[in-house]
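The values are calculated or read from the model by the stated rules, or taken from the named source; none is laboratory data. Bear in mind the structure is a predicted one, so any value in this text is a computation, not a measurement. Cβ sites come from the backbone with ideal geometry, for glycine too, and all protein chains shown count toward neighbours.
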Ligand SMILES: [Zn+2]
């Protein structure tokens, strides 16, 4: 009997060990992940206007190798070398020439550090060409037709993968801008990771993993990490860097701050510097789900900050650092931030209504003026809402101050219409009452009076 129980328990423990992922086995350690992105890797040209020497990347890659860290390098396969250069057509059958397929120091350096495990290569666009017209958010992929996105991603992925002799399945969109078609094309091409920013979430699936840019400042990243010692497990922080960050006199400071961060992570028990594909594959709450929640949570905070800052109440809302947190964190936090927004908007609408009510007392005897005010505020509200729709169309989020203006205007408009219509009703009631005034016994008179008295 005892022997049977022992065998049973050993079997259960054995199975549990086999089916539990490696990162979940050690409960004493909370694993946190630092991902450093370095965008825009391509042969440097005068157009980039960076006065860092050609040895910048060698120094950067060496820094990561020395501290046993990983660097995600976003590579541009067919970079625009000249603003006048004609746009490439990925839908044509010919693959355009790329610096990746020709012998040069840039590809040699990249290959060396990919093969020694320091660099985790990612695709950073096709040409890195700005597509949307002026006034729209910068981007190469966002709002482009699906067929174009699929074809350009396919060509770019094939070019980069074949030049590095290893499959590249991480996409970092230029200017962090993407849309639902980008996600669809990435799924089709079996990309595993997408790293945009927290501007919007236009992906409802779970096949693609998403981890957004959290900060571009290594000093801020280190400060957040040191301040938040009690983070739950599987938290990720994505730091985004560019060649221009390392240029000039300030570039030296940036380098030093980045090194400090890497030293901290190297000696930390909880933090690890990883590439996207080193992150654990989540089952219950996927990275895509976390990303969507993070976007909602962050947007709510941004809107609230904007509202309070505009009202001159600064520092009341402490914006929290953007780590990519577990699902339970967003479940417990998002309702609070969103609730605050609704409270502020409701209060603004009430203030608008009160202003309209006070104003209406001045024009007691001029009902037509109230109607004019109601029409004008209705027009203004439509104008504000159409403006918000247009802003969303250009790829930018609607600011808190506009939401407040919409709420305030709606409050004013509703109050003017209500006051005007109630006065109209009173006026018409008093005119219809006139002929019946002699007949006191008519029940209809009582009902008219009761309307009048309310
Ligand atoms: Zn870029």
Out of curiosity, is residue 257 within 24 Å of residue 319 (Cα to Cα) and free of Cβ contacts under 8 Å to residues at least 24 places away in the same chain? no
Being in a strand (DSSP E or B), touching a helix residue (DSSP H, G or I) at 6+ places or on another chain (Cβ under 6 Å) and within 16 Å of the ligand (Cβ to nearest atom) is the filter here; which residues of the stretch 114-172 pass it? 121, 123, 170, 171
Do you know which of the residues in the stretch 173-189 that are crowded, with 23+ Cβ neighbours inside 10 Å and under 10 Å from residue 208 (Cβ atoms) is farthest from the ligand (Cβ to nearest atom)? 183
Report every pair of residues separated by at least 6 positions or lying on different chains whose Cβ atoms are under 6 Å apart, first residue within the stretch 59-75 and in a helix (DSSP H, G or I), second within 16 Å of the ligand (Cβ to nearest atom). 64/71
Condition first: surrounded by 15 or more Cβ atoms within 10 Å (Cβ to Cβ) and either outside any helix (DSSP H, G or I) or out of contact with any strand residue (DSSP E or B) (no Cβ under 9 Å at 6 or more places or on another chain) (or both). Now tell me which residues in the stretch 258-288 satisfy that. 259, 270, 271, 272, 273, 274, 275, 279, 280, 282, 285, 286
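Right, residue 295: part of a helix (DSSP H, G or I) and surrounded by fewer than 15 Cβ atoms within 10 Å (Cβ to Cβ) or not?
Spelling it out, it is not the case that residue 295 is part of a helix (DSSP H, G or I) and surrounded by fewer than 15 Cβ atoms within 10 Å (Cβ to Cβ).
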Check the stretch 198-209 and report whether any residue there is within 16 Å of the ligand (Cβ to nearest atom), within 21 Å of residue 325 (Cα to Cα) and touching a residue at least 24 places away in the same chain (Cβ under 8 Å). yes
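Table: residues versus (1) at pLDDT below 95; (2) in the same structural domain as residue 345 (by TED's automatic domain parsing); (3) surrounded by fewer than 20 Cβ atoms within 10 Å (Cβ to Cβ).
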| residue | (1), (2), (3) |
| --- | --- |
| 196 | no, no, no |
| 250 | yes, no, yes |
| 302 | yes, no, yes |
| 307 | yes, no, no |
Restrict the check to the stretch 90-102 and report whether at least one residue is touching a strand residue (DSSP E or B) at 6+ places or on another chain (Cβ under 9 Å), within 16 Å of the ligand (Cβ to nearest atom), within 29 Å of residue 273 (Cβ to Cβ) and at pLDDT 60 or above. no
Spot the failing condition for residue 245; the list is (1) at pLDDT 95 or above; (2) assigned to a helix (DSSP H, G or I), and only one is missed. (1)
